[in-house]
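Working notes for the structure below.
The values are calculated or read from the model by the stated rules, or taken from the named source; none is laboratory data. Remember, predicted model here, so these are calculated numbers, not experimental data. When we count neighbours, we look across all protein chains shown, and the Cβ atoms used for this are built from the backbone with ideal geometry, even at glycine.
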Amino acid sequence: MKPNSPRGRVLHAAVAGAALAGLLTACGGSGGSGGSTSSGPVTLQFWGWANGQEALVKEFNAAHKDVKLKYTKVTDQLTIQKQLSNALKAKSAPCLVQNTAEYVTSWVSQGALADITKYVEPSKSKFNAGSWAGVQVQGKIYGVPTSSAPAFTIYRTDVFKKYGLKAPTTWDEFIAAGKVLTKHGIKITNYAGEDPSTLEVLAMQAGAHWYAIDGDAWKVDFQDAGSLKAAQVIQDIIDDDLNSTLSFADYAAVQRNFDNGGTATRQISTWQMSGMVQNFTDSFGDWALSPWPTFAGEAAKTPAGTNQSGGMNLVTEQCAHQQQAAEAALWLSTDNSAVKTMASPTTGSGVMPALADSSSYVDEAISQKLLGTNYEPAKKVVTDSLGTVTSDWVFGPDWTAMFTELQTQWGKVVGKQEKVTDLLAHMQEWTVQDLKSRGISVKG
């Protein structure tokens, strides 16, 4: 459904609060000195990958005399994790680093992040609850949210009209529409073999909880009712050959396939419109938005995450100027001009702000060129989706390793070599053993 990395994986997480105490210590807890402050001019290293950040840094530097940002653009979201790990070992970590919520627990467990609660908590009311939850672990705050993750379907109106179809409102309708389209050589979605975020977001929507806190231990459950419900939808789509299997390694080819009508829908967030606008040539004006499909009989519920746009800027423990870094992060996420820069698919990444009320930025975050006469109705779809985002998904302390293992197995599912339920069973056993090998208390 979504590319895995160049534009960030997203999400918001409700990481458990006080119950998390003691569950990270096997990896070493965060307990830094808090850094020093300076009354003179300081330069803060800032690493990120998102489009528009260079312009954002220029705006910040023009508006500030005593604090300057020095920006380094990293290739993508996965690369930044590796480079940050190397920098931490060399004691040369940047002060600010762009990231997403699934990595926060792991970085805190390694003592990599600074507790900036006292600097940013007074600004809590400026942000929506979901995005604010993503920067917290054990009730402490380690960064400032930068973006929210509205999630919806974008679909080809001309293709749907040609074959007498309406925008699917449920996953059952989505599969039914896919069966009609495949008779005409058109796929309803694309499952890249390297990107298992499809499984994650549907499980999230279905109420699954792969990780949870149970007393003084982590509870792992990849086979709960929500996970199995999501697995059935994905399995039906794969079994009936309703999906393209284009790899995001050739991102241009994926975009051409959408542009020429080979695949008719995507479940996306606002930022992915930027790539469509930049790569399309033929289908401008032929796209419209509809709500994320629901499970039959259930109320609207959209996944918080992954690979959407929800993100944050984190402050590292090695930063010598943590207060200035925290204040800079707040400015990047709340200054009106800065927020507009990043919200625009043209000047930024098309991300929706993490602000408590971001409705005034919808105009900036969606593309009139792409949507044509469907532009005005699309605004309500985006705004409504922000009100149905899940907020109870927890990321475990070995999330990075777990997701890497999930990736290695997902291609077998897409290639029909194994069932989704087989993958879930494998991940259950693998994750429990992985946590045990790290000396972390686990049930499952």
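Taking segment 123-160 as the range and being among the aliphatic types (A, V, I, L, M) and under 30 Å from residue 182 (Cβ atoms) as the test, the residues that pass are 149, 151, 154, 159. Determine, yes or no, whether residue 105 is of a type in the set (Val, Ile, Thr), surrounded by 19 or more Cβ atoms within 10 Å (Cβ to Cβ) and in contact (Cβ under 8 Å) with a residue 24 or more places away in the chain. Yes; evaluated as a whole, the condition is true for this residue. Pairing each residue of segment 413-437 that is part of a loop (DSSP other than H, G, I, E, B) with any residue that is among the charged types (D, E, K, R), provided the two are 6+ apart or on different chains, yields C-beta distances under 9 Å for 416/239; 418/412. Scanning segment 431-444 for residues being among the small types (Gly, Ala, Ser) and either modelled with pLDDT of 95 or more or in contact with a Phe, Trp or Tyr (Cβ under 6 Å, 6 or more places away or on another chain) (or both) gives a total of 1. Listed by position, the helices (runs of 4 or more DSSP H) enclosed by segment 113-214 that each have at least 1 residues that are at pLDDT 95 or above and closer than 25 Å to residue 78 by Cα are 197-205. Counting just the residues of segment 40-88 that are of a type in the set (Val, Ile, Thr) and in a strand (DSSP E or B), which one comes out nearest to residue 342 (Cα to Cα)? By that ranking, first place goes to 72.
Residues are listed down the side, and each one gets a yes or a no for (1) assigned by TED's automatic domain parsing to the domain that holds residue 274; (2) at pLDDT 50 or above; (3) closer than 22 Å to residue 354 by Cα:
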position	(1), (2), (3)
5	no, no, yes
9	no, no, yes
31	no, no, no
53	no, yes, yes
56	no, yes, yes
60	no, yes, yes
69	no, yes, yes
80	no, yes, yes
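Taking the stated definitions as given, is residue 363 modelled with pLDDT under 90, part of a helix (DSSP H, G or I), touching a strand residue (DSSP E or B) at 6+ places or on another chain (Cβ under 8 Å) and not assigned by TED's automatic domain parsing to the domain that holds residue 161? Criteria not met by residue 363. Screening 169, 189, 182 for residues that are under 21 Å from the mean Cα position of the chain (by Cα) and β-branched (Val, Ile, Thr) leaves exactly one candidate, 189.
For (1) under 15 Å from residue 199 (Cα atoms); (2) of a type outside the set (A, V, I, L, M); (3) surrounded by fewer than 22 Cβ atoms within 10 Å (Cβ to Cβ), each residue gets a yes or a no:
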site	(1), (2), (3)
376	no, yes, yes
381	no, no, yes
396	no, yes, no
404	yes, yes, yes
408	yes, yes, yes
421	yes, yes, yes
426	yes, yes, yes
432	no, no, yes
436	no, yes, yes
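In segment 74-102, how many residues are within 11 Å of residue 400 (Cβ to Cβ) and either free of Cβ contacts under 8 Å to residues at least 60 places away in the same chain or exposed (fewer than 15 other Cβ atoms within 10 Å of the Cβ) (or both)? Adding up the residues that qualify gives 2.
Any idea which residue in segment 386-430 is modelled with the highest pLDDT, counting only those that are hydroxyl-bearing (Ser, Thr, Tyr) and under 27 Å from residue 245 (Cα atoms)? Selected residue: 421. How do the pairs read when you match residues in segment 150-169 that are without any contact (Cβ under 8 Å) to a residue 24 or more places away in the chain and under 23 Å from residue 198 (Cα atoms) with residues anywhere that are part of a helix (DSSP H, G or I) and among the small types (Gly, Ala, Ser), using Cβ under 9 Å and keeping only pairs 6 or more apart or on different chains? Every condition considered, the pairs that remain are 166/177.
Among residues of segment 344-358 that are surrounded by fewer than 24 Cβ atoms within 10 Å (Cβ to Cβ), those with a Cβ under 8 angstrom from a residue that is part of a loop (DSSP other than H, G, I, E, B), sequence gap 6+ or separate chain, pair up as 344/52; 344/350; 347/52; 355/128; 356/128. Identify, please: which residue in segment 110-127 is surrounded by 23 or more Cβ atoms within 10 Å (Cβ to Cβ) and more than 11 Å from residue 143 (Cβ to Cβ) and is, among those, farthest from the chain's Cα centre (by Cα)? The residue in question is 112.
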